[in-house]
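This report concerns only the one structure given below.
The values are calculated or read from the model by the stated rules, or taken from the named source; none is laboratory data. Computed from a predicted structure; not experimentally measured. Cβ placement follows ideal geometry from the backbone for every residue including glycine, while neighbour counts extend to all protein chains displayed. Side chains included, ligands, DNA and RNA excluded: accessible areas come from the protein's heavy atoms. Shrake-Rupley method; radii C 1.70, N 1.55, O 1.52, S 1.80 Å.
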Amino acid sequence: MFQATDNDKLSAIMDESPENKEVISKLLEAHRLQISAISHEIRNPLSLVYSSIQLIEADHPEVRSYRHWAQMREDVEYMTRLLEELSSYNNGEWLNLTATGMTSWLRTLALSFAASLIDTPVEFVSRIDPDLPVLPIDQVKFRQALFNLLGNARDALSDGANPAPVLTFSAKMQASGRQLVLTVSDNGCGIAPEDLDTLFEPFVTHKPGGTGLGLAIVRRVIRAHNGEIRVFSEPGKGSTFSVFLPVQQDPA
């Protein structure tokens, strides 16, 4: 699996000449298809195993009390999630772009996420400017990326350490008008300084049960949209993830 630095080096080599770009593009496409094929071949039998587990539980509820049953089910669910996220990561750069009015789209997304906070102590604050531009985005993948950031912020508030947990989602234009800036902030546990450098690397995780692909998917999707993501965090005080999307300028 390529690391972020590998992708940066490949991009630099591709920019050197059209021939380099063509050859490397073919290699990357072959690499992507190979991972997709392997993932598909594993996912199919794994789905059958999971279905069998569910059928056994339905017919014999007593198996749930067996010593290793819960761990086995948890392991199968983890592998299923890992394969799904591997597929999302592998295909993160392949976009189906749609011209999207960002104000209404982001407001709908915020309302959808707010529903997941019902019956929790988390206060959700949404600040979306009313005059955001129309941008070409892959609505499915970009929604997944933002939901991942919002979900991580919610998880950072779930330990109950902060008696007044607040999650803030904002969208506004940069003063120059050249970028749309989206931020997800929380006043939760924060991120250790030593973890920041590897935060977006694939298969590196800093939370129990994580696959290490969530934030890697986020960055890959955002970069595919020619955007950038930055993070600022202070342990014990919270984190802010900022996404910068370029806005096409009208010719002078």
It is to be established whether one or more residues within segment 190-202 are open to solvent by 50 Å² or more (accessible area, probe 1.4 Å), among the aromatic types (Phe, Trp, Tyr), farther than 26 Å from GLY101 by Cβ and touching a residue at least 40 places away in the same chain (Cβ under 8 Å). no
May I ask you to verify whether PRO133 is of a type outside the set (D, E, K, R), over 23 Å from ILE217 (Cα atoms), open to solvent by less than 40 Å² (accessible area, probe 1.4 Å) and in contact (Cβ under 8 Å) with a residue 60 or more places away in the chain? yes
| message | When you scan segment 79-96, do you find a residue that is in a helix (DSSP H, G or I), at pLDDT 75 or above and not charged (D, E, K, R), even just one? | response | yes
- Is it fair to say LEU106 is in contact (Cβ under 8 Å) with a residue 40 or more places away in the chain and in a helix (DSSP H, G or I)? yes
Note: among PHE147, PHE169, PHE142, PHE200, just one is over 29 Å from ASP75 (Cα atoms) and among the aromatic types (Phe, Trp, Tyr), namely PHE169
Over segment 103-130, the set of residues of a type in the set (S, T, N, Q) and crowded, with 16+ Cβ neighbours inside 10 Å is THR103, SER126
ask   = What do you reckon, is VAL49 open to solvent by less than 40 Å² (accessible area, probe 1.4 Å), at pLDDT 75 or above and on the phi < 0 side of the Ramachandran plot?
value = no
Taking segment 140-189 and keeping residues touching a residue at least 24 places away in the same chain (Cβ under 8 Å), of a type in the set (A, V, I, L, M) and closer than 15 Å to PHE244 by Cβ leaves ALA145, LEU146, LEU149, ALA171, MET173, LEU180, VAL181, LEU182, VAL184
Looking across segment 140-187 at residues that are part of a helix (DSSP H, G or I) and either of a type in the set (Phe, Trp, Tyr) or in contact with a Ser or Thr (Cβ under 6 Å, 6 or more places away or on another chain) (or both), the single one that is surrounded by the most Cβ atoms within 10 Å (Cβ to Cβ) is PHE142
Those residues of segment 110-128 that are out of contact with any helix residue (DSSP H, G or I) (no Cβ under 6 Å at 6 or more places or on another chain) and either assigned to a helix (DSSP H, G or I) or not aliphatic (A, V, I, L, M) (or both) come to a total of 12
Of the residues in segment 43-61, those that are touching a residue at least 24 places away in the same chain (Cβ under 8 Å) and either under 14 Å from GLU74 (Cα atoms) or not in a helix (DSSP H, G or I) (or both) come to LEU46, SER47, VAL49, TYR50
Scanning segment 214-232 residue by residue, those closer than 23 Å to GLY188 by Cβ and open to solvent by 20 Å² or more (accessible area, probe 1.4 Å) turn out to be LEU215, ARG219, ILE229, ARG230, VAL231, PHE232
